[in-house]
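For reference, the structure is listed below as structure tokens.
The values are calculated or read from the model by the stated rules, or taken from the named source; none is laboratory data. Since the structure is predicted, the reported quantities are computational estimates derived from the model, not experimental observations. As a convention, Cβ positions derive from the backbone with ideal geometry for all residues, glycine included, and neighbour counts pool all protein chains shown. Surface accessibility is based on the protein's heavy atoms, side chains included, excluding ligands, DNA and RNA. Shrake-Rupley method; radii C 1.70, N 1.55, O 1.52, S 1.80 Å.
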Amino acid sequence: MGKIKHKNKKAVTKRMKLTANGKLKVKHANRSHMAHNKTTKQKRHLRKDGYLSKQMAKRHRYTIGH
């Protein structure tokens, strides 16, 4: 009997990207609406991509197929 392959979680795969160094890159939340309640500094920092911590990356890496 052959080895059973693990299926990717498509929803997670679409939201995360694996970098060359093995980190998981994600977009920040809280950008889509109600921007008038946020300061310019908050909106500027939310524009940049975020990276998951080592613990979270370890947990999510198998869901994206790596």
For Lys17, indicate whether it is in contact with a strand residue (DSSP E or B) (Cβ under 7 Å, 6 or more places away or on another chain) and either open to solvent by less than 100 Å² (accessible area, probe 1.4 Å) or at pLDDT 90 or above (or both). yes
For the range 56-66, name all the residues that are surrounded by 15 or more Cβ atoms within 10 Å (Cβ to Cβ) and either more than 15 Å from Lys9 (Cβ to Cβ) or of a type in the set (D, E, K, R) (or both). Arg61
With criteria (1) open to solvent by less than 80 Å² (accessible area, probe 1.4 Å); (2) at pLDDT 90 or above, Asn30 comes up short on (1)
Mind checking which pairs have a first residue in the range 30-56 that is more than 18 Å from Ala20 (Cα to Cα) and a second that is among the polar types (S, T, N, Q) and open to solvent by 90 Å² or more (accessible area, probe 1.4 Å), Cβ under 8 Å, 6 or more apart or different chains? Lys38/Asn30; Leu46/Asn30
Candidate set from the range 44-55 (those that are of a type outside the set (Phe, Trp, Tyr) and open to solvent by 70 Å² or more (accessible area, probe 1.4 Å)); member that is modelled with the lowest pLDDT: Lys54
